[in-house]
Structure formats: structure tokens, C-alpha cells
Amino acid sequence: MYLLIGTSFDACIAQVSRKLQAKGEAVLVTPEPLAGAGQVRWELSTAQSSSHLDIDQRRIADTDWRGVVVRSSVPVQPEGWDSKDYSYIQAESQSALLAWLRSLPCPVVNPARAETFYRERTLPEQRVWLSKAGLPTSPVLLTNSPAQARRFARRWAGSLSYVPLTSSTRYPIDSESQWAELERLMERFPVCLMQPDGPSIYLSLAGDTLVWSEEPDLGRVKGRLEAAVRRLAELLGVQMVEVEIQLTDGQARAFGFSLRPEFGLYSEAQQEALAEGVVAALEGVRA
């Protein structure tokens, strides 16, 4: 039995499920295996860990799982919960799932660390990991000085992007009204600024399979970027990762990464290749 944590509306889950079923494998797709419709019994002692899951009128022991894909985890629904209680329930639910995944004896694709499981990393955090992996990044300025911000923007003809420290969203600053809004923010706190957005290409890793959203003309740099993405996955302890790359002034720079490659960015053949990579990782097969 294979467990795919996510929804059937996700192209990754749908294609991996189809490939496994074509091999005659049983597959369970659920966004929330340890809550909702499922009931878990997990016993821990000094000597052993054993668990079973009752779901869909089936009892599945931890030794019955042949592999798990962690694509997304949807916590219990907020209806009927006070917001403070809901935050607690959400954290408890995800903590239990994260710990349970670590206890399973089968391959787990993208078990992730706690800090990457609960939320996407913000830009400053991501840059640390991108740099550790050897991926080039664009310059960033953190400041509450309008003069420093304007000076920084001169590199790009007076434009730049504002990136909140609590999200990975990038807001363009390329008009006087937007600059006025940004300067009002700087009266309260420092802001994170980087070069303006340009066209992005994406490089995804699934197991041993690397796929570009479009073929870049990068010469030898292409191979170095691919090797760096493999190192990034190793550093994060995952088998799936997607890196956003922008080409500016003839140079490739990594702008961020996601632990959930967006299949919609790729052709059907590329999606098939990514799904095959996930299945191979589940089966413990390496190229």
C-alpha cells in the first residue's frame, strides 16, 4: 500500500497514483491521514515503535506501507473552532503527522524538516540554503532609509521589488505612488528589497529526475545549476524541490525554492518524467 498525502486534484498526486496503480499497487490518497476520517494507534516504547491506521474501512499497519509521498497536509477544518484553539489543533495535528512519518520503515518522499513542513521559508531564510547549495542569488537590501532604498534602485533604473519578511510574495516598486507607500512602511520598520522581477524559468528535481520548464541557453552554467539543485535537496533532506531562476544581464540567479514543484509549469511529457522520478524514489530506485 502506498500513501499519497495530498488531493487527487493535484497533478503530481494524480499522476503518481495512476503510475502506481498501473503497476498493480494499492494507493491511498488523503490530505489528512491521522485526522478526519482516519483513526491512528501509535505505540512507542524504548524498544520499538508500532502503529496502525484505520481508514476507509481498512486497517493498515506501519509495516504495510511500501512508500509515502508528502505533497501537502491540510489540517482539520476551522469550522466550530475558536481561532486560538484552531491554531493549537492545527499545530498538534501537523506535529503528530511529522513525527509519525519519521517512524515509518518505508521510503518517504519529502518528509522535510519541521521548519520547512509547517510553512514555506521566507526570502532571507531561502537565500541561506540557496547559497549553501552553491546557487547564485541576487543582491538584497534590508533598510528603513528611503535614501538608501533609492540608491539601491538606481541599479535597475529606479525600480525594485519589495519582499515582506513574512512571505515569499514580491511587490513591484516602479512608480512614485508605490515609492510613497514603501516609504510610509519604512517609517515603521525595515523593508527587504531586491531587483525587479523578470521572466522566470524553473528547475525541478523529483528523485533523480531533473526537468527545466524551458530549455535555457546557459552552456556550462546549466550543469552547475543542476548539481547545485541536487545539493539543495540533500541539504533539505527532500527528494522533490523546485528552484525559480531568473536570467538578468546574462547571469542566472536563484530567486527562491518550493518543496512542491508546480506540475502546471511543465509540458505533459515533463510532468510524466517528474512523476516517474517520484515513483522511482518511492521504490528506492536510483539512476
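The values are calculated or read from the model by the stated rules, or taken from the named source; none is laboratory data. This one's a predicted model, so the numbers in the text were calculated from it and none came from an experiment. Glycine also receives a Cβ, built like all others from the backbone with ideal geometry; neighbour counts cover every protein chain displayed.
When the criteria are applied in full, Leu135 meets the requirement of being at pLDDT 95 or above and assigned to a loop (DSSP other than H, G, I, E, B).
Residue pairs whose Cβ atoms lie under 9 Å apart, separated by 6 or more positions or on different chains, with the first residue in the range 207-222 and assigned by TED's automatic domain parsing to the domain that holds Glu272 and the second of a type in the set (Asp, Glu) and assigned to a helix (DSSP H, G or I), are Gly207/Glu276; Thr209/Glu276; Leu210/Glu226; Trp212/Glu226.
Does Thr46 fit the bill of being without any contact (Cβ under 8 Å) to a residue 60 or more places away in the chain and surrounded by fewer than 14 Cβ atoms within 10 Å (Cβ to Cβ)? If you could, list the steps in order and put the result at the bottom.
Details: without any contact (Cβ under 8 Å) to a residue 60 or more places away in the chain: yes; surrounded by fewer than 14 Cβ atoms within 10 Å (Cβ to Cβ): yes.
Criteria met by Thr46.
Residue check: Glu226 meets all listed conditions (1) modelled with pLDDT of 95 or more; (2) more than 16 Å from Ser168 (Cβ to Cβ); (3) buried (at least 18 other Cβ atoms within 10 Å of the Cβ); (4) of a type outside the set (S, T, N, Q) but one, namely (3). Against the definition (in contact with a Ser or Thr (Cβ under 7 Å, 6 or more places away or on another chain), of a type in the set (Gly, Ala, Ser) and farther than 16 Å from Ala133 by Cβ), how does Ala269 come out, yes or no? Judged against the criteria, Ala269 is not a match.
Restricting the range 67-109 to residues that are surrounded by 14 or more Cβ atoms within 10 Å (Cβ to Cβ) and more than 23 Å from the chain's Cα centre (by Cα) leaves a set whose member that is nearest to Leu4 (Cα to Cα) is Tyr86.
Which members of the range 262-271 meet the condition of being in contact (Cβ under 8 Å) with a residue 24 or more places away in the chain and over 17 Å from Ile245 (Cβ atoms)? I'd like the intermediate steps shown before the answer.
Initial filter on the range 262-271 (in contact (Cβ under 8 Å) with a residue 24 or more places away in the chain): 262-266, 270-271.
Selection gives Phe263, Gly264, Gln271.
Any residue in the range 174-182 that is in the same structural domain as Glu32 (by TED's automatic domain parsing) and acidic (Asp, Glu)? Reasoning before the result, please.
The first filter runs over the range 174-182 and keeps only residues in the same structural domain as Glu32 (by TED's automatic domain parsing), leaving none.
So far as the range 174-182 goes, no, none of its residues is in the same structural domain as Glu32 (by TED's automatic domain parsing) and acidic (Asp, Glu).
Just the residues that are in a helix (DSSP H, G or I) and either under 30 Å from Gln239 (Cβ atoms) or free of Cβ contacts under 8 Å to residues at least 12 places away in the same chain (or both), please, taken from the range 155-178. Reasoning before the result, please.
We begin by selecting, within the range 155-178, every residue in a helix (DSSP H, G or I); these are 155-156, 176-178.
Listed by number, the residues that qualify are Glu176, Ser177, Gln178.
Screening the candidates Leu259, Leu274 for the property of being touching a residue at least 12 places away in the same chain (Cβ under 8 Å) and within 14 Å of the chain's Cα centre (by Cα) yields one hit, Leu259. Those strands (runs of 3 or more DSSP E) of the range 204-276 in which 1 or more residues are touching a strand residue (DSSP E or B) at 6+ places or on another chain (Cβ under 7 Å), of a type outside the set (Phe, Trp, Tyr) and under 25 Å from Leu160 (Cα atoms) occupy 240-248, 251-258.
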